[in-house]
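Participant: Supplied in structure tokens, the structure appears directly below.
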Amino acid sequence: MRLSRSLEKCRDRWSARSLIPILIALFFVFVGAGCGTDSDDARIAFRAETPSASFSQDRTNGTPGLAVRFDDTSTGNITSRTWDFGPLGTSREANPTIVFPDVGTYDVALTVRGPRGMSRAVKQGLIEIGLPPTAGFSCVSTTGFAPFSIDCLDESTDATRISWDFGDGATSTGTSGQHVYPTPGVYSLEQTVSSGGGSDRATATIEVLSFGITASPATGSAPVDVTFTGDTGGRSGLAIWTIDNKIVSTAPVLQHRFRNPGTFLVSFVFGVPGTSISAQQTIEYVVGYGPAEAAFSPSVSGGSGPLEVVLMDESTGAIDRWEWDFGDGSRCVFPAPADPDPNDPVDVCDSSSPRHVYENVGNYDVSLRVTGPGPDVGDPAVVSSTTTNNAVRVYIRDPGFELQSVNGTIGNGWTALRPPDATENATHIALSNAQGGADVGMPTEGTRWAVLDGLGTDGTTPVDRVENGIRQDFLIPSEQTVLEFDYVLLYAEPPASPVLDATTATVSDGTTTVEIPGARADVSTAYVGPSLRFPSRDGSTVRATPVLTASLDLATAFPDATDETLLTLTIRVANATNGLRSPRVYVDDIRFTRPADTLTADFILDTDPVVVGRPARFIDDSCPDPASTCLEPTSWRWDFDTRLLPTPPSASGSGEQDPTYVFPEAGVYDVRLKARLADLESETGMLVNVIEGPVAAFASDPPAGPHVAPATLVFTDQSTFDASDPIVAWSWDFGGWGVSPLQDPAAVTIGQAGDWIIRLTVTTASGQTDTTQTTITVE
């Protein structure tokens with residue numbers, strides 16, 4: 001053949017290059033090119049292409065054990081190929097199938113060779129083998145107020161790629177799920193995770209609520225009433241409103257009056273209990289200046305004189321002058337006028353809210369006149385005035401006698417009364433615990449109290465009409481209509497005497513006179529002990545009652561009285577007969593309180609049995625549970641029914657709430673308690689059986705001594721006791737020569753000379769004990 005001849009001619013020329021294998025392999029690609037000989041009968045054409053490596057695969061990811069088929073798509077003249085699968089080795093197959101057993105990312109390379117050279121194709125990270133991922137995340141909160149910041153924690157597993165879609169057009173990648181939702185709405189938050197093992201998604205619903213403050217009107221001039229509404233996205237919860245960092249309301253809607261111009265910080269804090277849903281917003285609310293408008297309020301509208309009051313200016317608008325009229329003849333202006341009127345001198349106030357002291361009983365109308373500039377330049381000044389009738393009321397002057405001169409005659413608002421037919425001179429004075437000390441519970445308030453003297457009266461005028469004591473006109477407070485005061489009667493007559501030195505008090509409106517319940521006391525009233533400051537003129541013991549309280553509901557006693565009605569309080573004292581033993585009355589703390597609803601006196605005897613000479617405790621039970629609706633009494637008057645005993649005890653009563661009393665004699669006593677609360681008085685009683693306590697006593701046989709050792713003696717019990725509380729136990733101590741629990745023990749032998757103390761202690765059924773002893777001398 002022609003081809004054979006051509007090959008033979010070229011054999012020698014190509015053999016030097018060892019190209020025979022190549023020529024054989026390329027046999028079918030010869031195209032008739034000649035070998036460069038001069039022969040005309042054979043010409044072989046030859047042309048080779050450069051190799052270009054490329055490949056494809058049927059998949060790129062999956063789980064461990066994934067089989068991937070690779071196809072060689074290289075071009076050019078290729079004589080050999082090598083696949084490189086990294087840790088899985090190499091292959092020379094044209095289209096191998098490789099199994100990837102482990103998790104990881106694999107690079108794949110293909111190298112091809114041909115006559116014109118070699119080519120290598122590498123795909124890094126081509127095959128990704130992984131476990132199936134699971135999407136998941138948790139957020140600190142999924143509901144909040146706009147702008148709402150979320151912070152979600154990635155909880156996915158086996159993921160190599162994480163992406164977030166926040167549902168509002170924003171996306172991100174990575175493990176951090178942080179985002180701010182600026183506008184209210186409901187959003188779907190989606191997390192997508194993937195790996196060589198696949199992909200997964202997780203979603204959550206994000207609710208963004210509206211939040212803010214709206215003000216109506218949006219601005220205004222002082223004074224302006226503004227309604228602030230908090231938008232909470234329809235949620236209910238706890239709200240707090242503050243203005244300039246001061247809490248003003250906890251309601252969802254705030255209504256507030258701005259009296260003065262300025263810029264105010266209004267804050268609204270809101271939270272839903274049991275959740276993390278909360279928000280706060282602060283706005284500036286601007287209040288402009290308005291025309292001057294007068295307004296004020298007193299710091300206190302009523303009280304006892306002298307009464308200091310701050311007239312608090314609450315005027316609004318632009319103001320440059322304040323003129324005050326206090327209603328008691330006093331006036332002042334603020335600030336000091338540049339050109340004062342010499343014909344009308346006026347005091348200068350200490351501020352636009354001046355202090356003023358009202359000295360005397362009365363109702364005072366207060367006026368304020370303010371002046372400010374007109375709204376525009378050149379406009380006339382704006383003047384505004386206001387008057388409050390009865391703005392300040394002084395009910396009574398010096399009710400605690402703190403303004404009185406010590407040892408001086410009562411005055412300073414009070415009138416000292418002495419009968420025109422007084423047989424002797426006497427003075428009603430004030431005492432101080434700082435000069436001479438306190439006495440029988442006085443003073444009950446402050447440091448001073450009044451002393452009214454009954455000297456010079458003789459009993460011819462009843463005590464409720466005697467003009468001996470002190471008097472003052474007063475006004476009834478609007479709500480505290482009960483008049484109260486504390487007092488003590490000091491008397492020198494014997495407790496069982498029929499002579500009734502007495503005290504009482506009355507209130508009159510000029511037409512009707514009412515005696516104050518609880519104000520009457522006399523010699524028959526229980527006493528608590530002697531006075532330390534006032535002995536009688538003849539040296540007799542001066543006994544004092546407990547501190548007693550008298551009270552009267554003025555609204556009930558004088559139903560037609562008004563705020564303008566002046567009533568007269570008179571506290572009186574009268575001596576029955578003897579000027580040598582005239583009574584005195586201590587008085588303190590005149591006051592006003594509200595009427596009480598109910599009061600029922602009751603008490604408990606906390607000692608059983610009650611034994612002569614031993615303390616018995618009484619407990620007030622008028623209000624068993626002060627935490628309930630009942631109110632405890634404010635004063636107690638105890639009478640232990642011992643005033644008439646042949647030998648008067650040191651005390652027969654008490655003013656304590658829970659007193660302890662020692663009965664001096666056995667007997668049955670009618671113990672009484674009068675409890676007072678405001679205008680109410682309630683009385684109760686209890687029969688108390690007081691018994692004699694046990695008295696230990698014994699005799700010895702032989703009785704006489706001294707005795708000669710060894711001495712044998714017999715001891716016999718001779719103790720006495722009350723039949724209701726018999727002796728049940730005996731305890732003998734024979735001075736070291738034995739003991740015995742028997743009532744009449746066996747004979748005792750004392751074996752040595754000396755003085756030996758023999759003791760006997762007896763115990764009654766109730767636990768009362770007594771001990772006696774004697775000394776036995778043995779020689």
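Participant: Do we find that residue 542 is in contact (Cβ under 8 Å) with a residue 24 or more places away in the chain and within 16 Å of residue 463 (Cα to Cα) in this structure? Spell out the reasoning first.
Facilitator: Working: in contact (Cβ under 8 Å) with a residue 24 or more places away in the chain: yes; within 16 Å of residue 463 (Cα to Cα): no.
No, not satisfied.
Participant: For the stretch 344-367, does any single residue satisfy the condition of being at pLDDT below 95 and more than 30 Å from residue 223 (Cβ to Cβ)?
Facilitator: yes
Participant: A further question follows. Those residues that are over 30 Å from residue 695 (Cβ atoms) and over 34 Å from the mean Cα position of the chain (by Cα), I need them from the stretch 604-645; list them, please. I'd like the intermediate steps shown before the answer.
Facilitator: Let us first name the residues in the stretch 604-645 that are over 30 Å from residue 695 (Cβ atoms), namely 620-637.
The one that is over 30 Å from residue 695 (Cβ atoms) and over 34 Å from the mean Cα position of the chain (by Cα): 637.
Participant: Right, next: Could you tell me which residue of the stretch 475-526 is surrounded by the fewest Cβ atoms within 10 Å (Cβ to Cβ), considering only residues that are under 43 Å from the mean Cα position of the chain (by Cα) and at pLDDT below 95?
Facilitator: 479
Matching residues to (1) without any contact (Cβ under 8 Å) to a residue 24 or more places away in the chain; (2) assigned to a strand (DSSP E or B):
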site: 168; (1), (2): yes, no
site: 179; (1), (2): no, yes
site: 188; (1), (2): yes, yes
site: 199; (1), (2): no, yes
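Participant: Taking into account only those residues within the stretch 593-603 that are β-branched (Val, Ile, Thr) and in a loop (DSSP other than H, G, I, E, B), which is nearest to residue 689 (Cα to Cα)?
Facilitator: Within the stretch 593-603, the first condition is being β-branched (Val, Ile, Thr), and the residues that meet it are 593, 598, 600.
The next check asks that each one be in a loop (DSSP other than H, G, I, E, B); those that pass are 598, 600.
Working: 598: 31, 600: 24 Å.
Only one residue fits best here, namely 600.
Participant: OK, next. Taking only pairs six or more apart or across chains, which ones have beta-carbon atoms under 6 Å, a first residue in the stretch 290-311 that is more than 30 Å from residue 219 (Cα to Cα) and touching a residue at least 40 places away in the same chain (Cβ under 8 Å), and a second residue that is polar (S, T, N, Q) and part of a strand (DSSP E or B)?
Facilitator: So the pair list comes out empty.
Participant: Within the stretch 672-681, is even one residue surrounded by fewer than 19 Cβ atoms within 10 Å (Cβ to Cβ), in contact with a Phe, Trp or Tyr (Cβ under 9 Å, 6 or more places away or on another chain) and either part of a strand (DSSP E or B) or of a type outside the set (Asp, Glu) (or both)? Step through it out loud before you land on a result.
Facilitator: So the first thing to find is which residues in the stretch 672-681 are surrounded by fewer than 19 Cβ atoms within 10 Å (Cβ to Cβ), and the list is 672.
From what's left, in contact with a Phe, Trp or Tyr (Cβ under 9 Å, 6 or more places away or on another chain): 672.
Those still in the list that are either part of a strand (DSSP E or B) or of a type outside the set (Asp, Glu) (or both) too: 672.
Within the stretch 672-681 (the criterion being surrounded by fewer than 19 Cβ atoms within 10 Å (Cβ to Cβ), in contact with a Phe, Trp or Tyr (Cβ under 9 Å, 6 or more places away or on another chain) and either part of a strand (DSSP E or B) or of a type outside the set (Asp, Glu) (or both)), the answer is yes, since at least one residue qualifies.
Participant: Same structure again: With respect to residue 114, is the statement that it is over 45 Å from the mean Cα position of the chain (by Cα) and surrounded by fewer than 16 Cβ atoms within 10 Å (Cβ to Cβ) true?
Facilitator: Details: over 45 Å from the mean Cα position of the chain (by Cα): yes; surrounded by fewer than 16 Cβ atoms within 10 Å (Cβ to Cβ): no.
The answer is no for residue 114.
Participant: Which condition from (1) surrounded by 15 or more Cβ atoms within 10 Å (Cβ to Cβ); (2) under 60 Å from the mean Cα position of the chain (by Cα); (3) in a loop (DSSP other than H, G, I, E, B); (4) of a type outside the set (Ser, Thr, Tyr) is the one that residue 688 breaks?
Facilitator: Of the numbered conditions (1) surrounded by 15 or more Cβ atoms within 10 Å (Cβ to Cβ); (2) under 60 Å from the mean Cα position of the chain (by Cα); (3) in a loop (DSSP other than H, G, I, E, B); (4) of a type outside the set (Ser, Thr, Tyr), the odd one out for residue 688 is (3).
Participant: I've got another one for you. Within the stretch 427-448, how many residues are touching a residue at least 60 places away in the same chain (Cβ under 8 Å) and in a loop (DSSP other than H, G, I, E, B)?
Facilitator: 8
Participant: Got at least one residue in the stretch 398-406 being of a type outside the set (A, V, I, L, M), modelled with pLDDT of 95 or more, part of a strand (DSSP E or B) and surrounded by fewer than 21 Cβ atoms within 10 Å (Cβ to Cβ)?
Facilitator: Going residue by residue through the stretch 398-406, those that are of a type outside the set (A, V, I, L, M) are 398-402, 404-405.
Next, only the ones that are modelled with pLDDT of 95 or more stay: 398-402, 404-405.
Narrowing the set further to residues that are part of a strand (DSSP E or B) leaves none.
For the stretch 398-406, residues of a type outside the set (A, V, I, L, M), modelled with pLDDT of 95 or more, part of a strand (DSSP E or B) and surrounded by fewer than 21 Cβ atoms within 10 Å (Cβ to Cβ): absent.
Participant: Considering only residues that are touching a Pro at 6+ places or on another chain (Cβ under 8 Å) and either assigned to a strand (DSSP E or B) or among the β-branched types (Val, Ile, Thr) (or both), which ones fall in the stretch 201-232?
Facilitator: Those that are touching a Pro at 6+ places or on another chain (Cβ under 8 Å) and either assigned to a strand (DSSP E or B) or among the β-branched types (Val, Ile, Thr) (or both): 208, 209, 221, 224, 226, 229, 230, 232.
Participant: Just checking, does the stretch 634-649 include any residue being more than 21 Å from residue 530 (Cα to Cα) and out of contact with any Gly (no Cβ under 9 Å at 6 or more places or on another chain)?
Facilitator: Let us first name the residues in the stretch 634-649 that are more than 21 Å from residue 530 (Cα to Cα), namely 634.
Then drop every residue that is not out of contact with any Gly (no Cβ under 9 Å at 6 or more places or on another chain), which leaves 634.
Yes, the conditions are met somewhere in the stretch 634-649.
Participant: Filter the stretch 126-152 for residues that are among the small types (Gly, Ala, Ser) and part of a strand (DSSP E or B); which is surrounded by the fewest Cβ atoms within 10 Å (Cβ to Cβ)?
Facilitator: Quick first cut of the stretch 126-152, residues among the small types (Gly, Ala, Ser) only: 130, 135-136, 138, 141, 144, 146, 149.
Applying the additional criterion that residues be part of a strand (DSSP E or B) yields 138, 144, 149.
Details: 138: 13, 144: 22, 149: 11.
Restricting to residues being among the small types (Gly, Ala, Ser) and part of a strand (DSSP E or B), the top hit is 149.
Participant: What number of residues within the stretch 388-409 satisfy the criterion of being out of contact with any Asp or Glu (no Cβ under 6 Å at 6 or more places or on another chain), at negative phi and not aliphatic (A, V, I, L, M)?
Facilitator: Residues flagged as out of contact with any Asp or Glu (no Cβ under 6 Å at 6 or more places or on another chain), at negative phi and not aliphatic (A, V, I, L, M) within the stretch 388-409 amount to 10.
Participant: If I filter the stretch 84-125 down to residues being assigned to a loop (DSSP other than H, G, I, E, B) and either of a type in the set (D, E, K, R) or touching an Asp or Glu at 6+ places or on another chain (Cβ under 6 Å) (or both), which single residue comes out as nearest to residue 71 (Cα to Cα)? Before the answer, list the steps.
Facilitator: Taking the stretch 84-125 first, the residues assigned to a loop (DSSP other than H, G, I, E, B) are 85, 89, 92-96, 101-103, 115-116.
Remaining after also requiring either of a type in the set (D, E, K, R) or touching an Asp or Glu at 6+ places or on another chain (Cβ under 6 Å) (or both): 92-95, 102, 116.
Numbers: 92: 12, 93: 10, 94: 7, 95: 5, 102: 22, 116: 22 Å.
Checked the stretch 84-125; the qualifying residue nearest to residue 71 (Cα to Cα) is 95.
Participant: So which residues in the stretch 312-345 are closer than 26 Å to residue 361 by Cβ and of a type outside the set (Phe, Trp, Tyr)? Working first, answer last.
Facilitator: We begin by selecting, within the stretch 312-345, every residue closer than 26 Å to residue 361 by Cβ; these are 312, 324-332.
Result: 312, 325, 327, 328, 329, 330, 331, 332.
Participant: Continuing with the same structure: From 626, 703, 646, 664, which residue is modelled with pLDDT of 95 or more and outside any strand (DSSP E or B)?
Facilitator: Checking each option against the conditions leaves just 664.
Participant: Further question: Can you tell which of 551, 524 is part of a strand (DSSP E or B) and touching a residue at least 24 places away in the same chain (Cβ under 8 Å)?
Facilitator: Details: 524 fails: part of a strand (DSSP E or B).
Testing whether each residue is part of a strand (DSSP E or B) and touching a residue at least 24 places away in the same chain (Cβ under 8 Å) leaves just 551.
Participant: Within the stretch 669-698, how many residues are out of contact with any Pro (no Cβ under 7 Å at 6 or more places or on another chain), of a type outside the set (Phe, Trp, Tyr) and closer than 30 Å to residue 720 by Cβ?
Facilitator: Selection size over the stretch 669-698: 13.
Participant: Right, something else. Given the conditions (1) surrounded by fewer than 21 Cβ atoms within 10 Å (Cβ to Cβ); (2) in contact with a strand residue (DSSP E or B) (Cβ under 6 Å, 6 or more places away or on another chain); (3) at pLDDT below 95; (4) more than 30 Å from residue 470 (Cβ to Cβ), which single one is not true for residue 373?
Facilitator: Looking at each condition in turn, residue 373 falls short on (2).
Participant: Taking the stretch 607-662, which residues are of a type in the set (Asp, Glu) and surrounded by 13 or more Cβ atoms within 10 Å (Cβ to Cβ)? Spell out the reasoning first.
Facilitator: Going residue by residue through the stretch 607-662, those that are of a type in the set (Asp, Glu) are 608, 620-621, 625, 632, 639, 641, 656, 658.
Selection gives 620, 621, 632, 639, 641, 656, 658.
Participant: I've got another one for you. Identify, from the list 264, 258, the residue that is surrounded by 16 or more Cβ atoms within 10 Å (Cβ to Cβ), on the phi < 0 side of the Ramachandran plot and free of Cβ contacts under 8 Å to residues at least 24 places away in the same chain. Step through it out loud before you land on a result.
Facilitator: Working: 258 fails: free of Cβ contacts under 8 Å to residues at least 24 places away in the same chain.
One residue alone meets the criteria, 264.
Participant: Does any residue of the stretch 556-575 turn out to be under 24 Å from residue 486 (Cβ atoms), surrounded by fewer than 16 Cβ atoms within 10 Å (Cβ to Cβ) and without any contact (Cβ under 8 Å) to a residue 60 or more places away in the chain?
Facilitator: No: zero hits.
Participant: Quick one: would you say residue 667 is buried (at least 21 other Cβ atoms within 10 Å of the Cβ) and either of a type outside the set (D, E, K, R) or on the phi > 0 side of the Ramachandran plot (or both)?
Facilitator: Values: buried (at least 21 other Cβ atoms within 10 Å of the Cβ): no; either of a type outside the set (D, E, K, R) or on the phi > 0 side of the Ramachandran plot (or both): yes.
No: the conditions fail for residue 667.
Participant: Name the pairs whose Cβ atoms lie under 6 Å apart, with the first residue in the stretch 142-166 and over 30 Å from residue 213 (Cβ atoms), the second of a type in the set (Lys, Arg) and surrounded by 17 or more Cβ atoms within 10 Å (Cβ to Cβ), and 6 or more positions between them or separate chains?
Facilitator: Close Cβ pairs (under 6 Å, with a partner that is of a type in the set (Lys, Arg) and surrounded by 17 or more Cβ atoms within 10 Å (Cβ to Cβ)) do not exist here.
Participant: Then there is this: With respect to residue 537, determine if the residue is surrounded by fewer than 19 Cβ atoms within 10 Å (Cβ to Cβ), under 50 Å from the mean Cα position of the chain (by Cα), within 22 Å of residue 423 (Cα to Cα) and not assigned by the TED database to the domain that holds residue 360. Step through it out loud before you land on a result.
Facilitator: Values: surrounded by fewer than 19 Cβ atoms within 10 Å (Cβ to Cβ): yes; under 50 Å from the mean Cα position of the chain (by Cα): no; within 22 Å of residue 423 (Cα to Cα): yes; not assigned by the TED database to the domain that holds residue 360: yes.
No; evaluated as a whole, the condition is false for this residue.
The values are calculated or read from the model by the stated rules, or taken from the named source; none is laboratory data. Worth saying up front: this structure is predicted, and the values here are computed from it rather than measured. Using ideal geometry, Cβ is built from the backbone for each residue, glycine included, and neighbour counts are taken over all protein chains shown.
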